[in-house]
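The values are calculated or read from the model by the stated rules, or taken from the named source; none is laboratory data. Since the model is a prediction, treat every value here as computed from it, not as a measurement. Glycine gets a Cβ as well: all are built from the backbone with ideal geometry, and neighbour counts include every protein chain shown. Keep in mind that these areas ignore ligands, DNA and RNA; they rest on the heavy atoms of the full protein, side chains included. Shrake-Rupley method; radii C 1.70, N 1.55, O 1.52, S 1.80 Å.
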Amino acid sequence: GHLAGFLFAPLLLGGLGKLGAAWATDLSGVRDVGASNGVMGCAGAVLAFLPDRFRRNMYILLLSAQILLFALDPQVWDVEHLLAFAAGALVGRFFLKRAARLQPVLAVRPMVARRQRPWLVAWAVGIVGIINFLGAFLLARHPGLARLEEWVPVGGLPWPRHLLLATGIALLVIAPGLATRQRSAWRAAMVFLVVSIALQLHLGITRLEAVIAATFLWLLVHWRAEFTASSPGPTARAGRRAIAWVVCFVPLYALVGFYVLRTGFEEPFGWTAAIGELGRRLLFLDERFLTPISRRAEWFMGSIPLVAWVGLLYALTRFIRRPAAPAADYTDAEHAGKLLALYGWNGTSYMTLQEGNSLFFGPDRGCYISYRVCSGIAIALGDPIGPDNLKSETIAAFARFTDRNGWDHVFYAASIADRDTYLRIGYESLQIGEDSVIPLRSLDFKGKRWQNVRTAINRARREGVRFMIFEGGTIPSDLREQMTEISKEWTSRKNLPEMGFTLGRTEDVDDPRVITAAAVDGSGSVHAYVDWLPVYARNGRVLDLMRRRSGAMSGVMEFVIGMSLLTFKERGEEMASLSVAPLAGVDRDGEESFVPWALGRIFERFDKYYDFRTLFRFKERFQPAWEPVYLIHHDVSRLVAITLAILRAHLPGLDLALVAKLLGSAAVEKLFRAAETRRSERTVRDRPPPHDPR
């Protein structure tokens with residue numbers, strides 16, 4: 001890498017200089033033999049051995065930084081770094097191919113998968129936007145500016161610089177729309193890239209900026225088939241209305257303002273002067289038609305371009321917004337309920353009809369997927385619900401549907417029963433926990449392994465705590481009020497609002513299909529309660545809410561759950577699930593991968609707001625059969641974005657203030673514990689030694 005950068009950079013620059021590039025001639029005489037070339041070569045070689053997605057992302061990051069540095073302030077070492085990195089990447093690729101003969105898992109795959117192309121183009125357009133934005137401020141005065149100003153003699157102010165700035169901001173606004181495959185963003189990017197190329201050819205010092213923009217324009221044209229997401233009617237209409245509003249409102253705002261403040265100008269008011277001053281303000285020209293003599297008039301004149309350009313940028317963002325997920329209507333929910341009663345197999349199936357979820361139906365409406373869209377990611381809850389022979393088609397149709405809308409998609413809390421179906425289609429799976437399933441036919445609380453449950457049941461008998469079970473909607477009003485109070489108390493202790501999506505709400509105890517079990521003492525006080533949702537296809541129940549009053553009887557949860565299981569067995573139900581233990585078993589197989597390892601560490605150490613290990617150990621007391629639960633996805637490099645989207649699905653009210661509060665309380669608690677530890681150590685150290693009676 002070092003040799004490639006040092007030897008070939010002068011040759012390349014010399015060749016470009018002979019073709020007429022003066023900047024290349026100037027740089028070819030600069031001597032540089034720094035060690036950074038070798039570093040870039042090593043980086044190119046080592047990155048070749050990273051997993052495909054991480055390698056691609058690192059290539060884009062490093063090359064983008066080098067291109068930006070070179071475009072803004074070209075130096076000879078920037079050329080050397082690019083050549084060294086390219087040489088290292090080629091060498092790394094060679095060794096990777098050789099290693100793949102012995103380890104097929106290292107086989108080289110295409111650098112840019114189809115699903116990554118919109119994201120790559122979005123980054124490219126954003127880079128051109130940054131170049132334009134910074135170039136408007138950093139570009140030195142040179143003949144190109146003067147020539148453009150001579151062609152359009154609209155004043156002494158350098159309007160080409162403002163045009164370059166405007167195109168840069170527009171490209172930065174458009175880039176997120178390209179990442180979501182919006183067709184309208186693609187059209188707008190084409191226009192602004194062509195304008196950028198023309199400006200950069202005329203204004204740039206090296207003209208390399210125009211070459212970069214032209215390369216990215218070619219990518220945009222070459223991959224045009226990837227941009228198929230159409231802005232929905234309401235969004236497109238909103239964009240057109242916003243532009244019409246700006247075009248009509250700004251002149252009206254300016255002319256009415258000039259008339260109302262007509263005494264605040266040196267010149268006598270006239271409509272011609274007012275229109276001329278409006279044009280001057282919008283184009284940032286020097287020539288004055290009206291001179292303000294009052295502070296209000298001066299402030300008003302300064303507000304005109306702000307109102308106009310902010311309004312136009314806002315209108316542009318309306319065109320490229322992602323569509324919202326369609327709400328499920330009564331007919332769809334009723335049809336999905338019939339399918340759920342026949343095919344609802346896993347523990348999250350009943351939650352698919354929760355309020356706030358959208359429904360997607362597959363071929364002939366014989367299978368459906370329940371999902372929520374958060375941060376541009378459609379999060380499907382569990383597996384498709386329907387006959388097995390329709391699931392593959394439904395998954396493929398759902399993928400096409402999300403692509404048309406510019407969303408990514410994942411299947412959250414998918415079961416092991418359908419994992420092979422996803423893998424066969426081309427998805428990847430990541431275990432995110434284990435479902436605790438208890439067979440009820442052979443259930444008995446005999447033997448040492450059930451000691452905790454038997455102890456809790458015996459203690460409840462001694463202390464006069466009764467087990468009560470209710471169908472939804474039949475809970476006595478006094479007990480129902482206590483359950484609401486217990487739930488509020490539990491939520492306040494957790495420092496989090498009540499969660500949703502895969503977790504129910506307190507109001508669910510009124511659902512006639514939900515069973516609620518409670519521990520009530522002789523005075524009618526509720527110590528704890530749980531509710532159970534139906535699992536239709538397996539003739540069973542799944543545990544949802546667990547709420548316990550502070551100061552309740554020790555072992556009250558074991559008592560309520562144990563008695564519930566015995567009741568379900570007597571009713572002839574075949575299974576019960578204590579729901580998923582998050583992050584349990586994710587690294588149990590010893591897979592040598594960073595993500596399972598990281599999730600395993602979170603399971604062990606993240607106990608401030610969610611004590612994963614304690615929950616897992618509690619469920620283990622009931623001797624369940626553990627069934628893996630998965631996150632089905634296309635790209636593990638999107639895991640951070642997927643995690644944030646899932647978090648927002650569970651906590652729709654999550655905002656920056658709540659995050660700051662949670663982090664702040666965690667930091668304060670950590671400092672408090674550290675102070676308590678130091679105080680205890682000091683007390684032990686200062687304590688006098690015990691008296692020796694001898």
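Key figures
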quantity: 3J(HN,Hα) from dihedral phi, segment 357-368, Karplus parametrisation 6.51/-1.76/1.60, rounded to Hz, x for glycine, proline; calculated: 8, 9, 10, 10, 9, x, x, 6, 6, x, 7, 9
quantity: Accessible surface, 1.4 Å probe, highest first, among residues CYS374, CYS367; calculated: CYS374, CYS367
quantity: Under-5 Å amide H pairs with ARG541, H placed in peptide plane, nonlocal only; calculated: VAL535, MET575, ALA576, SER577
quantity: Under-5 Å amide H pairs with ALA528, H placed in peptide plane, nonlocal only; calculated: ALA519, ARG549
quantity: 3J(HN,Hα) from dihedral phi, segment 546-560, Karplus parametrisation 6.51/-1.76/1.60, rounded to Hz, x for glycine, proline; calculated: 10, 10, 10, 6, 5, x, 6, 4, 5, x, 5, 5, 4, 5, 5
quantity: Sum of side-chain charges, MET351 neighbourhood, beta-carbon under 10 Å (Lys, Arg +1; Asp, Glu -1); calculated: -2
quantity: Probe 1.4 Å - accessible area at MET546, Å² to nearest ten; calculated: 50 Å²
quantity: Sequence ranges 531-538, 78-85, ranked by mean other-Cβ count within 10 angstrom, highest first; calculated: 78-85, 531-538
quantity: Backbone HN-Hα couplings from phi across segment 530-537 [Karplus 6.51/-1.76/1.60, Hz, Gly and Pro as x]; calculated: 9, 10, 10, 9, x, 10, 5, 5
quantity: Amide H within-cut-off set for PHE265, under 5 Å, with H built and near neighbours excluded; calculated: ILE293
quantity: Local electrostatic count, VAL250, Cβ distance below 14 Å [Lys/Arg +1, Asp/Glu -1]; calculated: +1
quantity: Gyration tensor verdict on segment 444-490 (Cα atoms; rounded if a/c is under 1.5, prolate if a/b is larger than b/c, oblate otherwise); calculated: prolate
quantity: Anisotropy class of segment 360-462 from Cα gyration tensor, a/c 1.5 cut; calculated: prolate
